[in-house]
1. Using alpha-carbon positions, what is the distance between the centroids of the stretch 105-127 and the stretch 315-362, in Å?
2. How about LYS93: which lysines have a C-alpha closer than 19 Å to its C-alpha, ignoring those fewer than 8 places off in the same chain?
3. Accessible area per residue, 1.4 Å probe, Å², for the stretch 140-351: what's the number?
4. Rounded to whole Å, give me the distance from the Cα center of the stretch 21-47 to that of the stretch 130-209.
5. Using protein chains only and a probe of 1.4 angstrom, how many square angstrom of GLU6 are accessible, to the nearest 10?
6. So, for the stretch 4-136, what is the accessible surface per residue at a probe of 1.4 Å, expressed in square angstrom?
7. Note down the relative contact order for the stretch 140-351 as a percent, whole number, built from C-alpha pairs under 8 angstrom at least six residues apart.
8. Specify which residue in the list ILE146, THR56, VAL300 is farthest towards the positive end of the charge dipole of the chain, using unit charges on the beta carbon of Lys, Arg (+1) and Asp, Glu (-1), about the Cα centre.
Amino acid sequence: MQTSIEKLMDRLSQAESAVQADGALITSDRNRFYFTGFPSSAGALLVFRDTAYFMTDFRYAEAAGKSIQGCQVICYSSLKETLAQLLKKHGAKRILLESEKMYLQESRTLTGILASAGAEAVLDDTLDTIIIDLRTIKTPEEIQKIRESQKITDDAFSYILGRIAPGRTEREIALEIEFFMRRQGAEGVAFDLIVVSGANGSMCHGVPSSKVIEKGDFITMDTGALLHGYHSDMTRTVAVGEVSEEQRHVYELVLKAQEAALKTAGPGVPCGDVDKAARDLIEAEYKGAFEHSTGHGVGVEIHEWPRFQKGNIQKAEPGMVVTVEPGIYLPGKFGVRIEDMIAITESGIENLTHSPKELIIL
Ligand code: ZN
Ligand code: ZN
């Protein structure tokens, strides 16, 4: 099977005719990691049509040489000089750069380095588009890493259920989930964990506070682990002590919407249809209470492509890993969100999330 660097080389060959670029320079931490599987805070990956170089400094060179396959590892004392030598060696005149998340200063520096070697920087979205396409379709190995990351998230949910009680704060619960994940081998949390309770639950991206959990509260926990450089993402809402009729009704409606979206998702289905399946059910009763999109891709970043979003005509394809996370948020009252992470397969979907979804009253 082709490595991600080989896939990029192929795409460069196709893109070269359109943009007439000789190669690509990948400098962002995330994309360097995606292509090499090697985490580092410094370095650059230079990819030509038929060869690739990973340049880094003395801190990483030895480990990079042992772990990176498919490209030559070069230890530099000056990136500028090493890059200039390689560009001259390959007679490169036009080099694609990432532009999506690059600081202006960094782009000026790189443009200057390329210019000093007689090459021109191409800063349009050509390279970003290629990388997004590649990253959107996960390999079986990548999906396995996400599965393992999600296992820690599922285990953390079972663990925390036994530790939620009136009198404890949102912040304590969030911290315990994080400790648990780290103890299970996670490299970290996938994002700042969200634990919101009672009226705070209507803030879908609320920050855990010193609010004390009370009887009758819904608690929404949006959590995820980072393992092997890959993220996981899951949300569950549970109740403490008792629920009102309205709470139960809203919970069941979110669950129904989430299940409708899961049923709709599959290869060839427009991403917007998955969103619509959940949104129509919620909006029929709670218009304006579900303003975010139904799902996002997950991988080496927590928010990737594609999006299960209103009107998105992009079709789901095997290898995509996407969340399905409708919610209802009632300001001043409470909120409910249920989020699973799925992989699109040749025949349908694989739900990577295994935590229960029926209403849990602790
Ligand atoms: Zn989430
Ligand atoms: Zn999410």
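1. Result: 41 Å between the Cα centres.
2. Result set, ordered by chain and number: LYS80.
3. Numbers: 8490 Å² over 212 residues.
About 40 Å² of surface per residue is accessible.
4. With the stretch 21-47 and the stretch 130-209 each reduced to a Cα centre, they are spaced 28 Å.
5. 80
6. Details: 6390 Å² over 133 residues.
Accessible area per residue: 48 Å².
7. Working: 518 pairs, mean separation 45.3, N = 212.
Dividing the mean separation by the residue count of the stretch 140-351 yields 21 percent.
8. The one lying farthest along the dipole's positive direction is THR56.
The values are calculated or read from the model by the stated rules, or taken from the named source; none is laboratory data. Here the structure is a predicted model, which is why all the values come from computation and not from measurement. Every residue, glycine as well, gets a Cβ built from its backbone with ideal geometry; the counts of neighbours run over all protein chains shown. Surface accessibility is based on the protein's heavy atoms, side chains included, excluding ligands, DNA and RNA. Shrake-Rupley method; radii C 1.70, N 1.55, O 1.52, S 1.80 Å.
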